[in-house]
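What follows is a short report on a single structure.
The values are calculated or read from the model by the stated rules, or taken from the named source; none is laboratory data. What you see is a predicted model; the values in this text were computed from it and never measured. A quick note on method: Cβ atoms are made from the backbone with ideal geometry, for glycine too, and the neighbour counts reach across all protein chains shown. Note: areas computed on protein heavy atoms with side chains; ligands, DNA, RNA excluded. Shrake-Rupley method; radii C 1.70, N 1.55, O 1.52, S 1.80 Å.
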Amino acid sequence: MPRIRRTTAAALAATAAISLLATACTGSAGDAASDDPKARTTLTFWHGWSAPSEVAAIEANIESFEAKHPNITVKTVKGITDDKLNQALRAGGSQAPDVVSSFTTDNVGRFCATGALADLKPFLDKSGIDPATTFLPQMAKYTEHEGKRCAVPLLGDAYGLYYNKKAFAEAGITAPPKTLSEFDAVAEKLTKRKGDSYEQLGFMPNFQGYETTFEHYASQFGVRYFDADGKSALAGDPAVKALFTWQKKLADRLGGYARLERFRASLGDEWGPKHPFHTGQVAMQLDGEWRGKMASDAELDFEIGAAPFPVPDDQADQYGKGYLSGTILGIARVSEKQNAAWELVKYLSTDTDAVVSFANAIHNVPSTQAALKSPALGDDPLYRTFVSIAQHPGSSHAPSSVNGGAFLLTAQDLGVRWEAGREKDLDAGLRKADAQVDKDNEQAR
């Protein structure tokens, strides 16, 4: 399942809600985990999946867990957003969840810093589980903050390049591009203009396009976001300026921001059958592993391929990497059943059969080393491309922050202003963005 993109205002509102938890969440996991995990009990598990196939898949794993732990009954609540989750964690009480999952990987920093989710280190240690060797290293990294582990990964998403093989063949393109200079040339060659619009667009580069956000591009450039002191480093990072410069030049090469925006406004919904990649209106798409399954279900009249997204020419040896994110799983700090809750968290996140069956069912990337090596893992070539991207040592997620993902949205907003021509001085814009990020982080602390 992809990360849900949100506006700056919504993200800041969610961050503010999480920050209120700090006054109510104190102490350590150890002093609250006094329940007997072998006693008969009922756990409440809140998750964000809502599609029938997804809900059925998680329910199947819950049933398997209950069969192995007959003393524990799990009550699931589907379709939970982070806003609802934050409210419940703040309020506590008998209706609050014991185990929670979130699609918003960027919120790990806030969840850990405020104590909204319990510290899982005592539980992991007691179970003899080393996150660094159990989980994919990059996924283990994005589920902790400043050395505190308040979450574990529950499947992941890897991003790469989908391409229309029919369009490639018609344009005489024999292989997917590996560097951005190759990519730009291919995108232009695939573009067929029609009046002030397009019959076919090679690629939609605009920051408000489907999945073409600053954060998703940044992994290919190696953006570092913060310096050693934790201060925002956008203005001083050459990779950031290179990203913005490349994106704008590509947009200009394909017809310019205004033309691209008009075309973007006419395109079908990202999650519906009229997705522009499905309809052939866009020939290449930056997207996650789930897109292959959605394209298959849509029964397209052309064959598609998948490959890692290209990298800057001076990083050609890093080809194969991509942006990573994923669902996180944790125990509510307010839960009075943390030992029993850990049994569920441990099962869902580390049991190989559970992880593989769930990954196959919802077409996500497994988050454990054992599951990635399992012969039962799906072998569809498109899907396996993203499994490989996830395992590339250069693949990454943005660093965790005490202010959640607000710093990413500040960079994204600058990108939108820059591509539209509303930000004339990129260097000045980057300095202003740094100042805003530092101010927001200080307030969050």
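Couple of notes before you dig in:
- Accessible surface of residue 438, taken over heavy atoms with a 1.4 Å probe and every protein chain present, rounds to 40 Å².
- Dividing the convex hull volume of the alpha carbon atoms of the chain by its residue count gives 135 Å³ per residue.
- Sequence-ordered 3J(HN,Hα) estimates for region 415-427 from the Karplus curve with 6.51, -1.76 and 1.60 and θ = phi - 60° stand at x, 5, 5, 5, 5, 7, x, 7, 10, 7, 10, 4, 4 Hz, glycine and proline given as x.
- The angle separating the long axis of helix 8-19 from the principal Cα axis of greatest extent in the chain is about 20 degrees.
- Entries in 121/231; 178/231; 166/373 that, when Cα-Cα distance is taken, lie over 31 Å: 178/231; 166/373
- Compared with the dominant principal axis of the Cα atoms in the chain, helix 352-362 is inclined by about 40°.
- Scaled radius of gyration (Cα, divided by 2.2 N^0.38 Å) that region 65-197 gives: 1.61
- For residue 51, residues with placed amide H under 5 Å, excluding near neighbours: none
- Here the Karplus relation 6.51 cos²θ - 1.76 cosθ + 1.60, evaluated at θ = phi - 60°, turns the backbone of region 245-259 into coupling constants of 5, 4, 4, 5, 5, 5, 4, 4, 5, 8, x, x, 4, 4, 4 Hz, with x for every Gly and Pro.
- Legend: translational diffusion of region 266-415 by Stokes-Einstein, Rh = Kirkwood radius over C-alpha pairs, 37 °C, 0.692 mPa s; D = 181 µm²/s.
- Above-threshold pairs, the threshold being 25 Å between Cα atoms, out of 165/194; 75/274; 293/321; 274/424: 75/274; 274/424
- Candidates 155, 414, 267: whichever shows maximal mean-square fluctuation once the chain is modelled as a Gaussian network with Cα springs under 10 Å: 267
- Prolate is the label for region 143-209. Its Cα gyration tensor axes, ordered a ≥ b ≥ c, give a/c of at least 1.5 and a/b above b/c.
- Computed from Cα atoms, the angle from the helix 180-190 axis to the main principal axis of the chain rounds to 60 degrees.
- Overall, the chain carries a charge dipole of about 540 debye about its Cα centre when +1 sits on the Cβ of Lys and Arg and -1 on the Cβ of Asp and Glu, all other atoms neutral.
- Mean accessible surface per residue for region 138-269, computed with a 1.4 Å probe while every protein chain stays in place, in Å²: 39 Å²
- In a simple Cβ point-charge model (Lys, Arg +1; Asp, Glu -1; nothing else charged), region 57-209 has a dipole of about 120 debye relative to its Cα centre.
- Along the axis of the charge dipole computed for the chain (Cβ charges of +1 for Lys and Arg, -1 for Asp and Glu, origin at the Cα centre), the listed residues 277, 135, 436 are led at the positive end by 436.
- The chain, accessible surface, carbon-and-sulfur percent (1.4 angstrom probe): 51 percent
- Most fluctuating residue given options 224, 90, 262, as computed from a GNM of the chain linking Cα atoms under 10 Å: 262
- Phi-based couplings in Hz for region 64-69 (Karplus 6.51, -1.76, 1.60; Gly and Pro marked x): 5, 4, 5, 5, 7, 10
- Highest-fluctuation residue, 170, 63, 270 considered, GNM on the chain with Cα pairs under 10 Å: 170
- Centre separation in Å (Cα based) which lies between region 201-262 and region 123-163: 26 Å
- Share antiparallel - DSSP beta bridges, the chain, percent rounded to 5: 70 percent
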